[in-house]
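Before any comments, here is the structure.
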Amino acid sequence: MDMNAFYGILIPFIGTSAGAACVFFMKKDLNAYVQRCLTGFAAGVMVAASIWSLLIPAIDQSVEMGKFSFVPALIGFWIGVLFLLMLDHIVPHLHQHSDQAEEPKSCQQRTTMLVLAVTLHNIPEGMAVGVVYAGYLTGKAQITMMGALALSLGIAIQNFPEGAIISMPLRSEEMGKTKAFVGGVLSGIVEPIGAVLTILAAGLIVPALPYLLSFAAGAMLYVVVEELIPEMSVGEHSNIGTIFFAVGFSLMMVLDVALG
């Protein structure tokens, strides 16, 4: 594997780990207001990445299909949505600000489910990074090294608050700082693993790249609408989440267009 690609797929994981490290420096759980800001920002980054880094390249790569160039992107998108829907029903997990997801009977169960919830978020992000780097490595997609790096940086930026959002509640559940940090890190380990597996799969099946790109987009947008948008809108002053959504969206758009 190209070393630039190897380092690139590690960048989002480093973002998660750095965010989880906040548990060593912060005494209290993240303020609900701050959580809304960070969640809105993360949602904006993911939506922009889904469009500019995934769906548009998927359509561009199918341009020889003429007016039907949207078909692979549409099919892949829906497979991604349905895949996350299936995971949502199969894997027991707990949404932020909720006690009802799987009726956890103990703090230990609750913390485990919180980690699983964030891990579910990270699966499509890891696949997104992997498939973009696969497109760059095969040379069959209109994806540059800088464009792939833009996606890695964008997801790393949104993973930083996500790492903090998971490690701080773990700490508040009477878990030690080191264990809370490890929990936050483990929630992000699926990203480089998913990225590597996707690169290996895409390298074998080059014609599937448009489907894989749009699959990752569908999965990411499912997470945004199902979990991030409700979380950023809860409580008073919910408009701050919307403002930070716009900030995250704008930043990722600029990164992708300027670097891509």
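So is Ala156 hydrophobic (A, V, I, L, M, F, W, C) and at pLDDT 85 or above or not?
Values: hydrophobic (A, V, I, L, M, F, W, C): yes; at pLDDT 85 or above: yes.
Judged against the criteria, Ala156 is a match.
Quick one: which of Ala246, Ala150, Ala219 is within 13 Å of Val45 (Cα to Cα) and at pLDDT 85 or above?
Values: Ala150 fails: at pLDDT 85 or above; Ala219 fails: within 13 Å of Val45 (Cα to Cα).
It is Ala246.
Hey, any hits in the range 36-47 for a residue that's at pLDDT 85 or above and open to solvent by 70 Å² or more (accessible area, probe 1.4 Å)?
no
Out of the residues in the range 44-75 that are among the small types (Gly, Ala, Ser) and free of Cβ contacts under 8 Å to residues at least 12 places away in the same chain, which is farthest from Val131 (Cα to Cα)? Show your work before the answer.
Taking the range 44-75 first, the residues among the small types (Gly, Ala, Ser) are 44, 48-50, 53, 58, 62, 66, 69, 73.
Still in the list and also free of Cβ contacts under 8 Å to residues at least 12 places away in the same chain: 66, 69.
Numbers: Gly66: 23, Ser69: 19 Å.
Restricting to residues being among the small types (Gly, Ala, Ser) and free of Cβ contacts under 8 Å to residues at least 12 places away in the same chain, the top hit is Gly66.
Could you please let me know if Val81 is out of contact with any Phe, Trp or Tyr (no Cβ under 7 Å at 6 or more places or on another chain) and either modelled with pLDDT of 90 or more or of a type in the set (A, V, I, L, M) (or both)? Steps first, answer last, please.
Details: out of contact with any Phe, Trp or Tyr (no Cβ under 7 Å at 6 or more places or on another chain): no; either modelled with pLDDT of 90 or more or of a type in the set (A, V, I, L, M) (or both): yes.
Judged against the criteria, Val81 is not a match.
Given Val206, Val190, which one is in contact (Cβ under 8 Å) with a residue 24 or more places away in the chain, under 24 Å from Leu74 (Cβ atoms) and not polar (S, T, N, Q)? Give the steps one after another, and end with the answer.
Details: Val190 fails: under 24 Å from Leu74 (Cβ atoms).
Result: Val206 is the single residue among Val206, Val190 that is in contact (Cβ under 8 Å) with a residue 24 or more places away in the chain, under 24 Å from Leu74 (Cβ atoms) and not polar (S, T, N, Q).
The values are calculated or read from the model by the stated rules, or taken from the named source; none is laboratory data. The structure presented is a predicted model; accordingly, all values stated were derived computationally and were not measured. Positions of Cβ are backbone-derived with ideal geometry, glycine not excepted, and every protein chain shown enters the neighbour counts. Just the protein is used for accessible areas: all its heavy atoms, side chains included, with ligands, DNA and RNA removed. Shrake-Rupley method; radii C 1.70, N 1.55, O 1.52, S 1.80 Å.
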